[in-house]
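Step one of this worksheet: look at the structure below.
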């Protein structure tokens, strides 16, 4: 089942060097989710031929403009395109008020239902859940209330051992128990779960850590993640500025990647002062070699 | 002295076919003005290497998103770039409230002064004036309160006749009177203005007619214009839809160009349904041959 992240924007506050503000598409199984929606996101979707109507859930990490100024344009385009299915938007208090004000000055009543979910507290919140995966928010540390988002597959049932499939003439209930890992009796014979079934694939998880100052407690929320996106606005030479602005350096992002033991670390939210991003990548790789730049138009599969 | 219009965006509500929502730069003499500011305008400015810090005055025609969703991004970028000169924004009631709400949720106090000028009534208002030119708003007819903007050079003083320049040994006050067109007496001699001075260049004018349904009264506000931009959202085959949405067809835009007797008509605000714009141009040219498509990245000089 696919599980991948596609980068639409990777720059910090001021668009520069052809780079756009933050936005990512997270595809998990059959569903696509939009994470943050900086100015121009709908044009970036068009550029990369991603159908915008696929999104039913949009997650906004915080209310700095480079993370949400493109949302109202997308909401309006959905309206003009006569969208009729509901749209769920998850974000901090204040976002709905902004949307409603902008709709009211243009006398717009949306054709579709916009369901706003306020990401309220600073603790972990389950935002959306299916049988297959769960999406939750976790707090990070920034100048204003900001959340990261964790996309996590659920543990699947054990799979039938393909070598045994021809002998599988038991009732459905017995098979279900074996898939759950339980041994069963059937017609006086003990059926061992670990003979008839195999371990399922390990559930995968991805964490988008939003804009954040480096802080070790973050690892508690993203422990065991296969891939994380951690901002790297600055290089270590600007570490002081990173602290002042509640951002991180490439070295700090890599330190978090190493601490969590992820398979892959994506860094992004690059300051406009860096035209060439290779020095940020090099700085991170010195600490954690499995780092990649979150280059726009690139997909990273888990 | 330069007087020209540069197109940053020419599409109607939904960005499509690589076209962007409405925004234009009007350069008049030494000053550049921004007219409308759809989503992505700051990226378009960067793309065409137009320094955004040159603008001190931004005019917003109305509060449909494709004409102003890019404004808050530009305002925020100015802040992040530590702009220190005032910015004047002219637009309908409601715009300032939206800006202030978006600044407040991010705890932002701008480094510079943002001076908002509400374009209040539907009559003609002088918005900005220098010795050389005057910028005013005029009403158009759209679904919500909408204004066009007229950029008009003032009549200059007459110019000293270069053939006479060596004999020009009169006091400054006499010369000033002659330049105003007044005959003068000096040492018992009659000095005729039309001998000592020549007619100045005819003042030029450009009208941005915003989003509007076709209505003949518009000509009263833009009479004598050298160049106008008139929207042409649809072709004549969709004339009914144009009326319903308070937009115009290419044929109607051309009819207005002909009625006013402009030297050049620019058409824009094209519906996303038209990938190829040539049919719109052909339709307009059948009525008024001096029509041009407002193609993004193109400059039109007066």
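Quick note: the coordinates plus some simple rules give every number you see, no bench work behind them. Everything numeric here is computed off the predicted structure, so don't read it as measured data. Don't worry about glycine lacking a Cβ; one is built from the backbone with ideal geometry, like all the others, and counts go over all protein chains shown.
Between helix A:95-105 and chain A there is an angle of about 60 degrees, using the helix long axis and the longest principal axis of the Cα atoms.
Shown for residue A:110: label points 7 Å from Cα along the beta-carbon vector, and their distances to the equivalent points in the other copies, 2.8 nm in ascending order. Counting only DSSP beta bridges with both residues in chain B, the antiparallel share comes to about 60 percent.
Remark: spin-label model distance residue B:117-residue B:160 equals 3.4 nm, labels positioned 7 Å along the Cα→Cβ axis. The distance between label points at residue B:104 and residue A:182 comes to 5.7 nm (points 7 Å beyond Cα on the Cα→Cβ vector). Shown for A:288, A:55: other C-beta atoms within 10 Å of each C-beta, ranked fewest to most, produce the order A:55, A:288. Counted over segment A:1-120, the DSSP beta bridges are approximately 50% antiparallel.
Rounded is the label for segment B:5-103, because the ratio a/c of its alpha-carbon gyration tensor axes (a ≥ b ≥ c) stays below 1.5.
Relative to the longest principal axis of the Cα atoms of chain B, the long axis of helix B:71-80 makes an angle of roughly 70 degrees. Arranged from fewest to most other beta-carbon atoms within 10 Å of their beta carbon, B:184, B:37 become B:184, B:37.
Here, chain B yields an orientationally averaged convex hull projection of 18.6 nm² when only Cα atoms define the hull. Quick one: check the C-alpha center-to-center distance for segment A:129-182 versus segment A:21-88, whole angstrom. Cα centres, segment A:129-182 to segment A:21-88: 27 Å. Between A:114, A:145, A:199, the residue with the greatest mean-square fluctuation in the GNM of chain A (Cα pairs under 10 Å linked by springs) is A:199. The convex hull drawn around the Cα atoms of segment B:128-285, when projected onto a plane and averaged over every direction, covers 12.4 nm².
For the protein assembly as shown, the C-alpha radius of gyration divided by 2.2 N^0.38 Å, with N the number of residues, is 1.23. Pairs of Cα atoms nearer than 8 Å and 6+ residues apart set the relative contact order; for chain A it is 16 percent. From least to most packed, judged by other beta carbons within 10 angstrom and beginning with the fewest, B:61, B:205, A:193 follow the order A:193, B:205, B:61. Of the beta bridges in segment B:144-302, as assigned by DSSP with both residues counted there, near 45 percent are antiparallel. Label reach from residue B:215 (point 7 Å along Cα→C-beta): in segment B:132-161, amide nitrogens under 12 Å belong to B:139-148. The mean number of partner chain beta-carbon atoms within 10 angstrom of a residue's beta-carbon across peptide A:55-65 is 2. Extents of segment B:159-198, taken as max minus min of Cα coordinates on every principal axis and listed largest first, are 23, 19, 16 Å. When only Cα pairs below 8 angstrom with a gap of at least 6 residues are kept, segment A:159-198 shows a relative contact order of 45 percent. Ranked by the mean number of other Cβ atoms within 10 Å of their residues, highest first, the peptides B:4-15, B:208-219 fall in the order B:4-15, B:208-219. Select from A:123, A:136, A:106 the residue whose mean-square fluctuation is largest in a Gaussian network model of chain A (Cα-Cα springs shorter than 10 Å). Maximum fluctuation in the GNM of chain A, among the listed residues, is at A:106. Only DSSP H runs of four or more residues enter the estimate; each adds -39500 (n - 2.57), and after division by the residues of chain A the mean residue ellipticity at 222 nm equals -6500 deg cm²/dmol. Shortest first, residue A:241 label-point distances to identical copies amount to 4.9 nm, with the label point at 7 Å from Cα along Cα→Cβ. GNM on chain B, alpha-carbon springs under 10 angstrom: the most fluctuating residue among B:249, B:197, B:76 is B:197.
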